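Peer 1: First, the structure itself, so that you have it in front of you.
Quick note: the coordinates plus some simple rules give every number you see, no bench work behind them. What you see is a predicted model; the values in this text were computed from it and never measured. When we count neighbours, we look across all protein chains shown, and the Cβ atoms used for this are built from the backbone with ideal geometry, even at glycine.
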Amino acid sequence: MSEVIAAILGGFSVVTTALSLLRSKVWWIRIWDFPRVQVAALGIIGLALWIATGPWRDGASAVFTGAIAIAVSYQLGMVWRYTRLAPREVQRAKHPAPDRCLSLVVSNVLQTNRETDRLLAELRRANADVVLCVETDHWWQARLDALRSTHAYALACPLPNTYGMLLYSRYPLENTSIEFLVEPDVPSMQARVRLPGGLKVWLNCVHPKPPAPGEDNESTERDAELVIVGRRVANAGDPVVVLGDLNDVAWSRTTRLFQKVSRLVDPRKGRGFISTFHAKYPGLRYPLDHVFHSPDVRLVEMRRLPYVGSDHFPVYVALSYEPAAAAQQQAPVPGGDDEREAEETVERGTTRSR
């Protein structure tokens, strides 16, 4: 029986790893970008049982043993940068002057969630300068507008389709805009938040559709939106923050491409997964809610906030603008193939959405 279980677990890890290597955009392929930690864990269990119960060194068994080991190694190699064993891409803040610091919360509220008091209590406890809430309709806006007592500046795009966005800020918002970059019912937001010392930080808020049944059958539109935003903010000059529920994991090919074309850094790397979805299933959690920023910014703090009734945990990030950091923090840079892939991604995504 143990040998059968080992074969099933090992075979599952090999097959799903092979599927994740395909470049296809269809949802049932791209979905395997997400559970790499879980697939690796099942593969390790399967490999241990296989070695313990069978003639794993002989003939076809040896090939299967090697295939499981390769699959596990590949999956671990994809996620290790987001463990505490890896070097940090973003340094801890060295001189966090209050007038050059910005704290943010990203929260996917789950549109059908009605535990608004719980969310508001956590948002007030976190006391972030900027709050981005997604999956917000007019019902949610009416309740979250309670934040206007402390966060007087707001940008609102409530929608009934689970892609509404609400942005609240303690500091003035300038040059605000709401755009539909790829799909006509999926907005993004841009604004420059002016800190007390006069520094302006360019915020780009996103929440593209995931590749999933009932949403998008492919990841094409999601990928295109992330690349468009990434290219827009590259070499912006001002401090930049891209935040939101990307509906993509930190280690996917698309998110890695986004980082390269945007020249932004990821404070998660070297600090742990900080998984935000699914809040109700501890064994099936992935880092979907993100904050990326320009290399001239260091990290003060990053943490996941408590459960608020949604299927996502909110995430809190505090940043410090320190220009010297730009020479010390290296953002990924695109190569020739990356630029070509980015161009193809945008062209395909915008063509499909017409």
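Peer 1: Just want the ordering: TYR171, TYR163, from fewest to most Cβ atoms lying within 10 Å of their own Cβ. Please list the in-between numbers first.
Peer 2: Values: TYR171 18, TYR163 23.
With the fewest neighbours first, TYR171, TYR163 line up as TYR171, TYR163.
Peer 1: By how many nm would the segment from ARG340 to LEU21 grow when fully extended, if each residue of separation counts as 0.36 nm and the alpha-carbon distance is taken off? Write out the running numbers ahead of the final one.
Peer 2: Numbers: separation 319, 0.36 × 319 = 114.84 nm, distance 1.88 nm.
Here the answer is 113.0 nm.
Peer 1: What size of dipole, in debye to the nearest 20, comes out for region 58-204 about its Cα centre when the only charges are +1 on Lys and Arg C-beta atoms and -1 on Asp and Glu C-beta atoms?
Peer 2: Details: 16 positive and 14 negative charges, 168 e Å.
It comes to approximately 800 debye.
Peer 1: For LYS25, which lysines qualify as cross-link partners when the Cα separation must be under 19 Å and same-chain residues fewer than eight apart are set aside?
Peer 2: Counting by Cα, and skipping residues close in sequence, LYS25 has these lysines nearby: LYS209.
Peer 1: Could you work out the local net charge near LEU246, counting Lys and Arg as +1, Asp and Glu as -1, over the other residues with Cβ closer than 10 Å to its Cβ?
Peer 2: Values: positive: ARG222; negative: GLU225, ASP245, ASP248, ASP289.
With Lys, Arg at +1 and Asp, Glu at -1, the neighbours total -3.
Peer 1: Given +1 on the Cβ of Lys and Arg, -1 on the Cβ of Asp and Glu, and no further charges, what dipole in debye does region 296-338 carry about its Cα centre, rounded to the nearest 20? Can you show the working numbers first?
Peer 2: Details: 3 positive and 6 negative charges, 55 e Å.
Taking the Cα centre of region 296-338 as origin, the dipole is about 260 debye.
Peer 1: Would you compute, for the Cα atoms of region 96-192, the largest minus smallest coordinate along each principal axis and list the three values in descending order, in whole Å?
Peer 2: Computed over region 96-192, the largest-to-smallest principal extents equal 40, 31, 19 Å.
Peer 1: Return a whole-number percent for the relative contact order of region 1-88, with Cα pairs under 8 Å and 6 or more residues apart as the contact set. Walk me through the numbers before you get to the answer.
Peer 2: Values: 91 pairs, mean separation 32.3, N = 88.
For region 1-88, the relative contact order is 37 percent.
Peer 1: While we're looking at this one, here's another question. Got a sec? How would LEU22, LEU110 order by Cβ neighbour count within 10 Å, fewest to most? Mind showing how you got there, number by number?
Peer 2: Details: LEU22 11, LEU110 20.
Arranged by neighbour count, lowest to highest, LEU22, LEU110 become LEU22, LEU110.
Peer 1: Same structure, new question: Let me make sure I get this right: for region 1-155, a, b and c are the square roots of the gyration tensor eigenvalues over alpha carbons, sorted descending. Under 1.5 in a/c it's rounded, otherwise prolate if a/b > b/c, else oblate. Which is it?
Peer 2: Numbers: a/c = 3.34, a/b = 2.27, b/c = 1.47.
Here region 1-155 falls in the prolate category.
Peer 1: Once the Cα atoms of region 225-325 are picked out, what are the Rg and Dmax in Å?
Peer 2: Taking only Cα atoms of region 225-325, I get Rg and Dmax of 13.8, 41 Å.
Peer 1: Right, something else. With a ≥ b ≥ c taken as the square roots of the eigenvalues of the C-alpha gyration tensor of region 2-82, please select rounded if a/c is under 1.5 and otherwise prolate if a/b is larger than b/c or oblate if it is not? Mind showing how you got there, number by number?
Peer 2: Numbers: a/c = 2.19, a/b = 1.85, b/c = 1.18.
Because a/c hits 1.5 or more and a/b exceeds b/c, region 2-82 counts as prolate.
Peer 1: Each residue of region 272-286 in turn: what ³J(HN,Hα) in whole Hz from Karplus with 6.51, -1.76, 1.60 and θ = phi - 60°, glycine and Pro shown as x?
Peer 2: With coefficients 6.51, -1.76 and 1.60, one gets x, 5, 6, 6, 10, 9, 9, 5, 9, 10, x, x, 10, 10, 9 Hz.
Peer 1: For the chain, give the magnitude of the charge dipole about the Cα centre (Cβ charges: +1 Lys/Arg, -1 Asp/Glu; no others), in debye to the nearest 20. Walk me through the numbers before you get to the answer.
Peer 2: Working: 41 positive and 38 negative charges, 204 e Å.
Here the chain has a charge dipole of around 980 debye.
Peer 1: Follow-up question, since we're still on this one. So between GLN328 and ARG57, what do we pick up on full extension, going 0.36 nm a residue minus the alpha carbon distance?
Peer 2: On the way: separation 271, 0.36 × 271 = 97.56 nm, distance 4.78 nm.
So the extension gain works out to 92.8 nm.
Peer 1: I'd like to know which of CYS101, CYS205, LEU144 lies farthest towards the positive end of the charge dipole of the chain, counting +1 on Cβ of Lys and Arg and -1 on Cβ of Asp and Glu.
Peer 2: Checking the options against the dipole of the chain, the answer is CYS101.
Peer 1: Further question: Rounded to whole Hz and in sequence order, give me ³J(HN,Hα) for region 100-117 from the Karplus expression 6.51 cos²θ - 1.76 cosθ + 1.60, θ = phi - 60°, writing x for Gly and Pro.
Peer 2: 10, 10, 9, 10, 9, 10, 10, 9, 7, 7, 6, 3, 7, 5, 10, 8, 5, 4
Peer 1: What whole number of Å gives the distance from the Cα centroid of region 203-258 to the Cα centroid of region 106-151?
Peer 2: 22 Å
Peer 1: Between 0 and 90 degrees, rounded to the nearest ten: what's the tilt of helix 220-233 against the longest Cα principal axis of the chain?
Peer 2: Its long axis makes an angle of about 50 degrees.
Peer 1: Follow-up question, since we're still on this one. How do 331-343, 243-255, 273-285 rank on mean C-beta neighbours within 10 Å, highest first? Walk me through the numbers before you get to the answer.
Peer 2: On the way: 331-343: 14.5, 243-255: 23.2, 273-285: 16.4.
The packing order, highest mean first, is 243-255, 273-285, 331-343.
Peer 1: So for LEU144, LEU120, fewest C-beta neighbours within 10 Å to most, what's the order? Let's see the in-between values first.
Peer 2: Numbers: LEU144 24, LEU120 15.
Fewest-to-most ranking of LEU144, LEU120: LEU120, LEU144.
Peer 1: Right, next: Quick check on the chain: helices-only [θ] at 222 nm, where DSSP H runs of length 4 and up contribute -39,500 (n - 2.57) each and the sum goes over total residues. Nearest 500, please.
Peer 2: Working: 9 runs with 122 residues, N = 354.
It comes out at -11000 deg cm²/dmol, rounded to the nearest 500.
Peer 1: Taking the 0 to 90 degree range and rounding to the nearest ten, how far is the long axis of helix 36-53 tilted relative to the main principal axis of the chain, both from C-alpha atoms?
Peer 2: Once rounded, one gets 20 degrees.
Peer 1: Each residue of region 11-27 in order: what ³J(HN,Hα) in whole Hz does its phi give by Karplus 6.51 cos²θ - 1.76 cosθ + 1.60, θ = phi - 60°, with x for Gly and Pro?
Peer 2: x, 4, 5, 5, 5, 5, 5, 4, 4, 5, 7, 5, 8, 4, 9, 5, 4
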